[in-house]
Structure formats: C-alpha cells, structure tokens
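S.K.: Handing you a structure now.
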Amino acid sequence: MSKNIESILTESRVFELSDEIKSGFGLSVEDIDAMRKDAAEDHVGFWSKLAKEKLHWNKPFTVGLDDSNAPHYKWFTDGELNVSYNCIDRHLETKSDKLAIIFEGDRGDVEHYTYKELHDNVCRFANTLQAQGVEKGDRVIIYMPMIPQAVIAMQACARIGAIHSVVFGGFSAEALRDRIEDAGAKLVITTNGSRRGGKTISLKHAVDDALEKGCEQVKRVIVYRRTDDEVPMHEGRDIDWMEAEAGMSNYHDPVAVDAEHPLFLLYTSGSTGKPKGVQHSSGGYLLNAHLTNEWMFDLNDDDVFWCTADVGWITGHSYVAYGPLSVGATMLMFEGVPTYPDAGRFWQVCQDHGVTVFYTAPTAIRALMKFGADLPNQYDLSKLRLLGTVGEPINPEAWMWYHDVIGKQRCPIIDTWWQTETGAHMIAPFPVTPLKPGSCTQPIPGIDAVILDEEGNELHGNEGGLLAIKKPWPSMIRNVWGDDERYRSTYFPLAGKPYYVVGDSAHRDEDGYFWILGRVDDVLNVSGHRLGTMEIESALVSHPQVAEAAVVGRPHDVKGEAVAAFVVLNVDIPEGDARDKLVQELRNWVAKEIGPIAKPDDIRFGTNLPKTRSGKIMRRLLRTIAKGEEITQDTSTLEDPTILDQFQQKA
Ligand code: WT7
C-alpha cells in the first residue's frame, strides 16, 4: 500500500470552519441537508427544478429524465439551448465590461478579455468555422496550449453545435492521430507552438505528422500564431487563424441544439484497449458544471477563480472553459509551468491578479511543498479564500501544508472527487462542511453514491468496497463515442443492476464521509493523469526489440504513482552502456507513441514475465518488485520462479 494511502487511513482530525467563513457563504449546512432531502424524495424533480432555474433554454423541456434506453440515460430531452449563449451572451446585459478571462503567458505577458470582448472573439471564430464548412454535429479537434484562443475555439464550436475534442498538447502525434480518426474529425485547430518554462514547443509539427498517414477526412487545419516560429503551411489545407477570421462579424446567432446534443468528446484511458471517447451532453453537462462552480467554489462577482488544469483534461472543461463562464465569473488562465522562472510562480500569479479561489492537484502541491514555505511567504496571498484540490487522494501532509502555508489556516480545502465521465464534482464539501484531511467528504445533493462488494451488494458499514453511483445524474457520460457496447460493459458491468461503477475503491466512515483509496483496475494515476497500463504495454511492444511487456504503478512522493515497466526482449539483454541506451530508447519510444507523461520511470528486463502455469501475468508480484520490497507472497504457482531474481535488478 502506498505511503500516502496509509497516512490517509490513519487520519482522524476534523476541521470546523470559522463562523466568518460560513456566514459569507449563501448556503448553510441546514440548507444543504434540505437539498439532500429534496433530492432523495424526488430525484428527477430536484434536478429539473435546478435546470430550469440555472440555465437559459431556447425551448423549455418537459421531460426530466428519459430512462427508456437505460443505461443510456437522457436528461431534459425535449429542451433546446445553446451552451455558448449560456456562458457568454446571457451575461452581456449586466456584465459586458466585467472581466471574463485574465491571461498570464509563460513570459509574464498579460491579456484581459471582458465578457463583451470574449463574445466578439467567439462570434468571429464561430463565423470563421462556419465559413470553413463546419456544421452542427461535425467533430473538431482542438490541439492547443493554455491560451485564451483555446477557450474561444471551444466556445465557438459550442456556438455552432460542432462537437469538439480537445487533445492535450502533451500528447504525441500518434495519440493525436488515434483521436482524430476515432472522432472522425474534419477540422483541426492548433497553434504554431507554445511557450512553457521559458522554452518554445512546437505543436503544428505533431499535427502534420498525425495527418501524414490516414485522417483523410481532415480538410482544414486552422493555425493560431502564438510564437514567432515559422511553420510549414500545407497549401489548400492549412489556414492562418487571423487570415481566416479577417472580415468576420462580431455577431453570431447561436445555434440552439437539443439538450442531449453532444457538446464534446474527451478521450480518457481505461483498463483495456485504446482510450475511450467520453461523450458529454449539452444541457445536463452544463447544469452540473454551472452548479458545482457555484456550490463548491462559491464564485461571486468579485472573485478571481484560477483552476490550473489544462483544457486538455476534463477539469479544464468544467472549471475553465464552461463552468466559470456559465456562472458569470472572472477566471484566470496561465500558459506556463509552476516552476518557471522559479517555484514561486503560482504564488506570484495569485498575488498579481488577486486570485480568490485557487484549484489545483495534489501532485502540484507536493512538488511545491518541497521548496518550503519561504517562497509562498514572499507573496501576498491574503485575497485567497477557498482552495480546491482534484485528481487523486490528497495525503494529509500535503493537505496541512496547503491549509497552513497557502491558506494561512483561513481557507477551506475543497477536495473534489469526480472523473472525466462524471462531468463535474460528485463527492465534495461545500465551503461550510466540516473537513477531514484526505476525505472528499460527502456526495453533493442529487448524487447517490454507494459502496458495493464484489457481487454488487451495497455495503452499509465502514468496510471498503467498490464506489458506485446508484442513480443517473445530468452530467454523466452519455456514451463511449461510437461504441455502445463498451459503454455498457465498462460502466454498468453488473447485469440487471443500475449502478454506474466508478473504478475506484473507497470506504465511508461513521460520519458518512467518503475516503477514496485508489483505482481497482489497471489504470494508473500519474500526477493526476490517467494512464492505462495496457496502453503503455502496447506502446512498448510496438518497439522492434520488445517481445512482451507488463506495466504496473509504484508509489511516488510527488507524482502519486510512477510507471514501472517489465520488459522481455526478443534479443539478448544488453549490458552496461548498451543497456542504459536501450532504456533511454524505450522511454523515448513511449513518449513518441503516447506522450512524455507516459514515459516509464523504471524499466527492468527479464527473459520472461512472471506467469502462472495457466499463463496469467502475476502483477501482484511485479508491484512488490517495483516498490523494491521483499516478496512475501506465495510464488508456488509461478511457472519459472528464477525470473523474479532477474527483474529485481533495476536497469
Ligand atoms: C480518477 C478520475 C476529475 C478530474 C481529474 C481526473 C481519481 C480524482 C480525486 C479526489 C481521490 C480522485 C480517481 C478517479 N481522483 N479526483 N479528489 N480524491 N481520487 O480525472 O482522469 O477522469 O481521473 O482520478 O481515481 O477515478 P480522470
């Protein structure tokens, strides 16, 4: 068990929030309990009422939940709305001069966009996309760095009813190609490059490589110039963003779509096969993105909200591109990295822009914690009032540091448990909930979270089990793009039972607080990023010298989990320098196939993998070896116990 989880399991402190903080929040503990009661009494009515109150509908819905084709649930089906209208236009009457986006670039360059300016930019780009032949329902790939144009592109797609799929800029050309093909995209939006940590990184080259083979359906690539680098432009295919936009109107009539119209696809790793295209809806998705920005982060008129996630992940969708705008807040986007020019950068950005609500991942907190309190203490962080965390269980040590050093014991820590598939926060405190370090506290109203045993029976005690959600909720995944069967078997594996099975294990304490223990499947969580072990294994075996590979996670102080690979070669195991060279080559190979985040931290070689006589790889043993621990498990079923010795030598 990892050190982090062990310390979570022994944690028993409770932090009651001060009356001052609690009274500043519009909802009391009693109000929240009342919402829970309403939801328990009338689940569909509860969500429908909120959907009417919080969103602007072009055509009001009359159907709350349609479960006639369960588990493909539909919400607010006969209603029509436009997501971009909800995020921008509806605020123009009262907030047109309010800042929507504050942007700080890698080099400290700052830009501001008011709601009116954002509106004009989104309209021009929506008109541009339509002029380039993009229609409602078409898929558009967005492969961009963290710059306002990424949000403008996403909002423009939403405005015309095109379905975007943002691909994280750190993914390789190969990974990009897989996603373009699976989505059947006809247009790609990218930049010539991006600036990170004082360096310039090219993105357009990856697009060119991806489109070189296959992807015939892609007719257009729109290139925004972020850097000074010249990149080759393919005649007839590539077009400069500014040139394409020239002469376009600042007005665009948003296209009303059905509530169920897909807003976006976002690819995420599972335990088997290639990444899945998680399909989200327009109405239900926006409702939960909106509500959780209001409920968990209490975003008000004078707040500056900064979520550090990249738009390539779901967090960057719900807490950058859509949710904060839907509630009419000011949000900050940052292009750079936390350690450039030094490890005080996050705190400098918080100070300079008066950030009031800050949302990041435990891995970032742990990385910055290593530099001590002196750096954050050099900055004025007095405007901060709420701190959020997401991505993995936060170990109590990091929680305390965040609470003491960054929040000066004044700011509640909002630990939000959710997933790409859930669309928005599911288990998380409100800013009035008593907190326990390492627990994401209780399900939000309207979310019915349960713990199951292996057979799918609900557990009511404090024992650990499989986390599951019993009733459908508006922002839930609608499908795995183009693969109904995979949707059903992955998320609703208990035949005849309605549970959405999460893939995490968890337990609930005597106060009804949830403690997430980690994934139960072959999915790794490296720095808050989800990686399938099988994906990395397939990348490794596609190398000409690799015959077989098994990948497991091992605990890592900063990243949470590190990637450990066990490799069988189809050549002799090299020694000395040649071995080091091959290790480097394989790490780079994985980076090329998937992206640098998937690079194995350790690679070990052996002449075979530890298998049972029936041929099953004993991953338990590999996990023990990866941790550098002694093997105490029974190895009598192993086909060839001597290979364990080989793997115990680290390359
Ligand atoms: C998995 C989902 C949700 C956006 C970021 C990751 C883990 C996420 C927490 C948390 C404990 C967490 C779970 C989950 N996870 N947040 N607050 N406490 N674990 O999204 O890539 O879809 O990963 O991240 O294991 O299943 P994702």
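The values are calculated or read from the model by the stated rules, or taken from the named source; none is laboratory data. Just so you know, these numbers come straight off a predicted model, no measurement behind them. Cβ sites come from the backbone with ideal geometry, for glycine too, and all protein chains shown count toward neighbours. SASA here: full protein model, heavy atoms, side chains in, ligands and nucleic acids out. Shrake-Rupley method; radii C 1.70, N 1.55, O 1.52, S 1.80 Å.
S.K.: With a 1.4 Å probe and all protein chains kept in place, how much accessible area does Asp483 have, in Å² rounded to the nearest 10?
M.R.: 60
S.K.: Checking the cross-link filter: which aspartates and glutamates have an alpha carbon closer than 14 Å to that of Lys370, excluding same-chain neighbours under 8 positions apart?
M.R.: Partners within reach: Asp342, Glu397, Asp557.
S.K.: Mind ranking Thr77, Thr632, Thr441, Thr339 by accessible surface for me, highest first, 1.4 Å probe?
M.R.: Result of the area sort, largest leading: Thr632, Thr339, Thr77, Thr441.
S.K.: For the chain, what is the calculated [θ] at 222 nm in deg cm²/dmol (nearest 500), taking -39500 (n - 2.57) for each run of four or more DSSP H residues and dividing by its residue count?
M.R.: About -8500 deg cm²/dmol.
S.K.: Got the relative contact order for the chain handy, in percent, Cα pairs under 8 Å and 6 or more residues apart?
M.R.: Reported relative contact order: 13 percent.
S.K.: Within 10 Å, count the other beta carbons around each residue, average over each peptide in 534-540, 506-512, 192-198, 12-18, and list them highest first.
M.R.: The packing order, highest mean first, is 534-540, 192-198, 506-512, 12-18.
S.K.: Using DSSP, restrict attention to beta bridges with both residues in segment 185-302 and report what percent are antiparallel, rounded to the nearest 5. Walk me through the numbers on the way to the answer.
M.R.: Values: 9 of 17 bridges.
Restricted to segment 185-302, the bridges split so that about 55 percent are antiparallel.
S.K.: A further question follows. Can you give the accessible area of Cys157 in Å² (nearest 10), computed on protein heavy atoms with a 1.4 Å probe?
M.R.: We get 0 Å² for Cys157.
S.K.: How large is ³J(HN,Hα) for each residue in segment 417-427, as worked out from phi by the Karplus curve 6.51 cos²θ - 1.76 cosθ + 1.60 (θ = phi - 60°), to whole Hz, x for Gly and Pro?
M.R.: 9, 5, 8, 3, 6, 7, x, 7, 3, 10, 10
S.K.: Arrange the residues Trp47, Trp57 by how much accessible surface each exposes, largest first, with a 1.4 angstrom probe. Display every interim value, and only then the final one.
M.R.: Working: Trp47 0, Trp57 35 Å².
Solvent-accessible surface, decreasing: Trp57, Trp47.
S.K.: Got a number for the accessible area of Tyr73? Probe 1.4 Å, square angstrom, nearest 10.
M.R.: Per-residue accessible area (Tyr73): approximately 30 Å².
S.K.: Then there's this: Which lysines have a Cα lying under 21 Å from the Cα of Lys52, excluding residues fewer than 8 positions away in the same chain?
M.R.: Lys37, Lys74, Lys471
S.K.: Rounded, prolate or oblate, given the Cα gyration tensor of segment 1-144, with a/c below 1.5 counting as rounded?
M.R.: It comes out oblate by the Cα gyration axes.
S.K.: Another question about this same structure. Looking only at the chain, where both bridge partners belong to it, what percent of the DSSP beta bridges are antiparallel (to the nearest 5)? Don't skip to the answer; put the middle values down first.
M.R.: On the way: 56 of 95 bridges.
Around 60 percent antiparallel, to the nearest 5.
S.K.: As a quick test, which of the pairs Lys22/Lys49; Lys49/Lys383; Lys436/Lys470; Lys59/Lys497 have an alpha carbon distance above 29 angstrom in this structure?
M.R.: The answer is Lys49/Lys383; Lys59/Lys497.
S.K.: Could you name the lysines in cross-link range of Lys213, using Cα to Cα under 17 Å and dropping any fewer than eight places away on the same chain?
M.R.: Within reach: Lys186, Lys204, Lys592.
S.K.: Around Pro60, with a cut-off of 14 angstrom between Cβ atoms, what is the net charge of the other residues, counting Lys and Arg +1 and Asp and Glu -1?
M.R.: Counting the neighbours of Pro60, the net charge comes to 0.
S.K.: How many angstrom lie between the Cα centre of segment 71-108 and the Cα centre of segment 19-52?
M.R.: 23
S.K.: Is the shape of segment 84-226 best called rounded, prolate or oblate, per the rule: a/c under 1.5 gives rounded, else a/b larger than b/c gives prolate, else oblate, with a ≥ b ≥ c the square roots of the Cα gyration tensor eigenvalues?
M.R.: In terms of gyration-tensor shape, oblate.
S.K.: Return the tail of the calculated pair distribution for segment 207-320, meaning the percent of Cα-Cα pairs more than 24 Å apart.
M.R.: 54
S.K.: How large is the charge dipole for segment 503-633, taken about the Cα centre, if only the Cβ atoms of Lys, Arg (+1) and Asp, Glu (-1) carry charge, to the nearest 20 debye?
M.R.: So the magnitude is around 320 debye.
S.K.: Find, among the chymotrypsin sites (Phe, Trp or Tyr not before Pro) in segment 371-415, those assigned to loop by DSSP (not H, G, I, E, B) with at most 14 other beta-carbon atoms within 10 angstrom.
M.R.: On the way: sites: Phe371, Tyr379, Trp399, Trp401, Tyr402; in loops: Phe371, Tyr379.
Here the sparse-neighbourhood loop sites are Phe371.
S.K.: Moving to a separate point now. Once you keep just the Cα pairs under 8 angstrom separated by 6 or more residues, what percentage relative contact order results for segment 361-472?
M.R.: 19
S.K.: At q = 0.14, 0.19, 0.23, 0.30 Å⁻¹, what is the base-10 log of I(q)/I(0) for segment 280-338 according to the Debye formula with one equal point scatterer per Cα and no solvent? Please give it to two decimals.
M.R.: Taken in order of the listed q values, log10 I(q)/I(0) reads -0.35, -0.63, -0.88, -1.30.
S.K.: Here's another thing I want to ask about it. On a 1.4 Å probe surface of the protein chains, which of Glu20, Glu458, Glu421, Glu53 comes out largest in accessible area, and what is the full order?
M.R.: Glu20, Glu53, Glu458, Glu421
S.K.: I would also like to ask the following. Using Cα pairs closer than 8 Å and at least 6 residues apart in sequence, work out the relative contact order for segment 1-135, in percent.
M.R.: That works out to 12 percent.
S.K.: Please report the Cα spread of segment 251-290 along all three principal axes, rounded to whole Å, starting with the longest.
M.R.: Principal axes ranked by extent give 43, 21, 16 Å for the Cα atoms.
S.K.: Please quote Rg/Rh for the chain to two decimal places, taking the Kirkwood radius as Rh and restricting both calculations to Cα atoms. Mind showing how you got there, number by number?
M.R.: Values: Rg = 24.3 Å, Rh = 25.6 Å.
With Rg and the Kirkwood Rh in hand, the quotient comes to 0.95.
S.K.: Give me the accessible area per residue for the chain, probe 1.4 Å, as a whole number in Å².
M.R.: Averaged over the residues of the chain, the accessible area is 37 Å².
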